[in-house]
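For reference, the structure is listed below as C-alpha cells.
Read-outs throughout are calculated quantities, based only on the coordinates presented, and are distinct from any laboratory measurement. Worth saying up front: this structure is predicted, and the values here are computed from it rather than measured. Using ideal geometry, Cβ is built from the backbone for each residue, glycine included, and neighbour counts are taken over all protein chains shown.
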Amino acid sequence: MKRIILNETSYYGAGCRTAIADEITKRGFKKVLLVTDKDLVKFGVAAKVEEVLNNAAIPYEIYSDIKPNPTIKNVLDGLAAFKASGADCMVALGGGSSIDTAKAIGIINNNPEFADVRSLEGVAPTKNKAVPTFAVPTTAGTAAEVTINYVITDEENRKKMVCVDPNDIPVCAVIDCELMMSMPKGLTAATGMDALTHAIESYITPGAWTMSDMFEFKAIELIHEHLYNAVQDGNDVKAREGMAEAQYIAGMGFSNVGLGIVHSMAHPLGAFYDTPHGVANALLLPYVLEYNADSPAREKYLGIAKAMGVDTTGMSVDEGVAAAIKAVRDLSLSVNIPQKLNEIGVRKEDLHDLAVAAFNDVCTGGNPRPTSVEDIEKIYNIAF
C-alpha cells in the first residue's frame, strides 16, 4: 500500500502571497501568530506579509525568537507566545527553521501530552491535527511547507530530533518567489543543493515508487536548469521561480517515501557545530552517492544523470553512475559549496561520535544500502 499526504491547498508564482489573507478569511480564522525569524523582520521580508495581513484587517502578533537549527527552547517560547496571543492560526514565514518551529508549536498546543518536545522524535502517536498553519517559504530548499517532517535540536543531548507526523502538515502553502529574492548567494546555493539532496535521496530510497519518481525526476531537472542562474543573479525571476517549484516538488516526494544517510550524516553536524543544514547536505551528497552506488539503486543513477542534463544514450550502468556523481559534484562546485568537512569546522576527533549519531538517525532506514557505524565513519573520513 502506498500513501501520499500533501497540503490541502497550495499557491505558486510571484506575488501570490496575497492569497494568505483570502485563505485565512474564508476559513474563518480571527487572529494570526506570525512565526518568523529576526533577520526576516530586520530586512523587511516579514513586512511584505504583514502588509497582506494589514490590508485585510487581520489582527496578528509576531514571534521571531528562532535561530537556525531551532531548539527546544525556541519551540517552548513560541508555544507560550501562541497561547498568550489568543491566535487561532499561524503564518510560518521563513526557511525550514521557522516552519519547523511552527509545526512543533502547533502539534504541542493541540497535543499537550507532548509538551516535553523530546517525545515527538520519530513517529509520535499524536491524536489531534496541529494548529492550522499557512506556510510561506523564503528559501528554495527545505520544502518544509509541504512535508510531514520537522527537525528540532536538543542542545542538551547534542542531537537533532527528526519528527514525522501527518498531523503537522500545513493546511496551506504559499510559494512566492518574490520573498526569496533577497537570499544571498551562499544561502541560495546551500538551500538549492539541499533540495537536490531531497530529490536524489528519495529517488533512490527503497520506498520510491511511480509517483514519487515522477516528482523527484522533475525536481532534479529543474534544479539542474535553474540553481546556477539563481545563485548568479538573485533577481532572475525565472530562476527563482524554477527553484521554488523544484524544492516544493521534491518535498512532495521525499515527505512520503523518506530520505537516506546524507541527511543522517548532516543532522549531527547541525547538532554538534550548528552547521547550516543545506551546507552539510550539499557537501556530503557526492560522497554518499559514491557509497550508495553499490546498492540495488545503482541502475537509477542513469536517471539522475539524465535529469542532470547528461546525454545517457548508449551508456552502461557503470558509466551512468560515474556521470551522475560527476554532474552532482560539478553543480556543487559551480555554486561554491565547500568540498571537505575540515573546511566547515568539523573536528577529526568527533568523527566516531558523529557516525554513531548518524547511524541512529531516523533517516538511516531509508538508505538504499544497509549501513553501519563503521561505514558511516569511513564516509566522514573520506569527506574530511
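Per residue, the convex hull spanned by the alpha carbons of the chain comes to 123 Å³. log₁₀ I(q)/I(0) of region 185-383 at q = 0.08, 0.14, 0.15, 0.19 Å⁻¹, via Debye over equal Cα point scatterers, no solvent, to two decimals? Each listed q corresponds, in turn, to -0.23, -0.74, -0.85, -1.37.
If you take the Cα centroid of region 80-110 and the Cα centroid of region 320-336, the two points sit 38 Å apart. Taking the Cβ-Cβ separation of ASP116 and GLU290 as r and a Förster radius of 41 Å, what is the calculated FRET efficiency to the nearest 0.05? That gives a FRET efficiency of 0.55.
Note: relative contact order over the chain, using C-alpha pairs below 8 Å and six or more positions apart, is 16 percent. Counting 0.36 nm for each residue step from LYS378 to ASN229 and taking away their Cα separation leaves a gain of 50.2 nm. Axis of helix 317-334 versus longest Cα principal axis of the chain: the two differ by about 50°, to the nearest ten degrees. When each of LEU227, LEU351 is scored by the number of other beta-carbon atoms lying within 10 Å, the sequence from fewest to most is LEU351, LEU227.
Computed from the mean reciprocal separation of all distinct C-alpha pairs, what Kirkwood hydrodynamic radius does region 1-55 have, in Å?
13.3
Could you compute the net charge surrounding GLU221? Neighbours are other residues with a C-beta less than 15 Å from the C-beta of GLU221; K and R count +1, D and E count -1. Residues close to GLU221 contribute a combined charge of -2. For region 291-384, the fraction of C-alpha pairs farther apart than 21 angstrom is 47 percent. Per residue of the chain, the DSSP helices (runs of n ≥ 4 H) give a summed -39500 (n - 2.57) that works out to -16000 deg cm²/dmol at 222 nm.
The distance between label points at ASP65 and VAL317 comes to 5.5 nm (points 7 Å beyond Cα on the Cα→Cβ vector).
Rounded to the nearest 10 degrees, the angle from helix 237-257 to the longest Cα principal axis of the chain is 80 degrees. Below 8 Å, C-alpha to C-alpha, sequence gap of six or more: please give me the relative contact order for region 9-180 in percent. Computed over region 9-180, the figure is 28 percent.
Determine, for SER264, SER295, the number of other Cβ atoms within 10 Å of each Cβ, and report the residues in order from fewest to most.
Ascending number of Cβ neighbours within 10 Å: SER295, SER264.
Taking the C-alpha atoms only, the angle from helix 96-110 to the longest principal axis of the chain is near 50 degrees. Extending 7 Å from the Cα toward the beta-carbon at both THR18 and ILE5 defines two label points whose distance is 3.4 nm.
Taking 0.36 nm per residue of sequence separation and removing the Cα-Cα distance, the ASN55/GLN339 pair yields an extension gain of 97.6 nm. Output the Kirkwood hydrodynamic radius of region 9-180, Cα pairs only, in Å rounded to one decimal. About 15.6 Å, per the Kirkwood formula over Cα pairs. The listed peptides 21-29, 362-370, ordered by packing as a protection proxy, come out as 362-370, 21-29 (highest mean of other Cβ atoms within 10 Å first). Computed from point charges on the beta carbon alone (+1 for Lys and Arg, -1 for Asp and Glu), the dipole magnitude for the chain about its Cα centre is near 500 Debye.
Once you have the Cα-Cα distance between ASP350 and LYS73, take 0.36 nm times their residue separation minus that, and quote the gain in nm to one decimal.
97.2 nm
Peptides 60-72, 43-55, 127-139, 188-200 ranked from most to least packed give 188-200, 127-139, 60-72, 43-55, packing being the mean of other C-beta atoms within 10 angstrom over each peptide's residues. For region 185-383, relative contact order (Cα pairs under 8 Å, six or more residues apart, normalised by length) works out to 28 percent.
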